[in-house]
Amino acid sequence: MSDSNAAMDVYLTGLRNQHAVETQAIGTIQNELGRMEPYPELHAKMQEDKQRSETQAARLDELLAKHGTGKSMVKEVVTGTVATVAGFVHAGSSDEVLKNVLAAVGYKAYEIGSYKVLLTLADAAGASGDKAVLEQSMKEEQEMGDWLGSHLPSLVHAFLRQKTS
């Protein structure tokens, strides 16, 4: 197998993995949304993030189809199950909101890193035409990660207000 074929194989695996990551994000957000209603700003951003993840998953579907392949059903089932569990891990804990926000910050960092890897793999695989799509998704993840990071203090204060009301 040539280096370019090996790079393409790794790249396509990366696209499938990222699709599964987006699927997990969608499921996790969906499971947490109802419990975040007392925090209107966070709730609205989570809805927006869920829609972005759905769009990103569709973009990844298009890239995979462009290269003559599709998502991994096994990975989709596994990540769907993980999302269901992840969405309820902190449910009922007294500081659920804070734990979910911190988990989301970490997940955003993971997603940003994953897109950076995909951008490098796209170059190595000769799929430079895919980079604009990947860069758009990475930019969206960075925007949400930046929002979460900059709003941590206000989210903590909102949580404290909820606890004392």
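Bear in mind that the values in this text are calculations on the coordinates, not laboratory data. Treat the numbers as computed from the prediction; the structure is a model and nothing was measured. No Cβ is skipped: glycine too gets one built from the backbone with ideal geometry, and neighbour counts run over all protein chains shown.
What the table shows:
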read-out	value
Electrostatic dipole magnitude of region 3-164 [Cβ: Lys, Arg +1; Asp, Glu -1; Cα centre; debye, to 20]	280
Unit charges on C-beta of K, R, D, E only; dipole of region 1-45, Debye	80
Links that overshoot a 26 Å alpha carbon limit, given the list LYS45/LYS66; LYS99/LYS131; LYS45/LYS116	LYS45/LYS66; LYS99/LYS131
Spatially proximal lysines relative to LYS50 (Cα-Cα < 16 Å; intrachain offsets below 8 disregarded)	LYS108, LYS139
0 to 90° range, to nearest 10: angle between helix 131-164 axis and the chain longest Cα axis	10
Whole-Hz ³J(HN,Hα) from phi, Karplus 6.51 cos²θ - 1.76 cosθ + 1.60, for region 23-32, glycine and proline x	4, 5, 4, 4, x, 5, 4, 4, 5, 8
Prolate/oblate/rounded label for the chain (Cα gyration tensor, a/c 1.5)	prolate
Rounded to whole Hz, the Karplus (6.51, -1.76, 1.60) HN-Hα couplings of region 3-13, x for glycine and proline	4, 5, 5, 5, 4, 5, 4, 5, 4, 5, 4
Centroid-to-centroid separation of region 97-165 and region 9-34 [C-alpha atoms, Å]	13
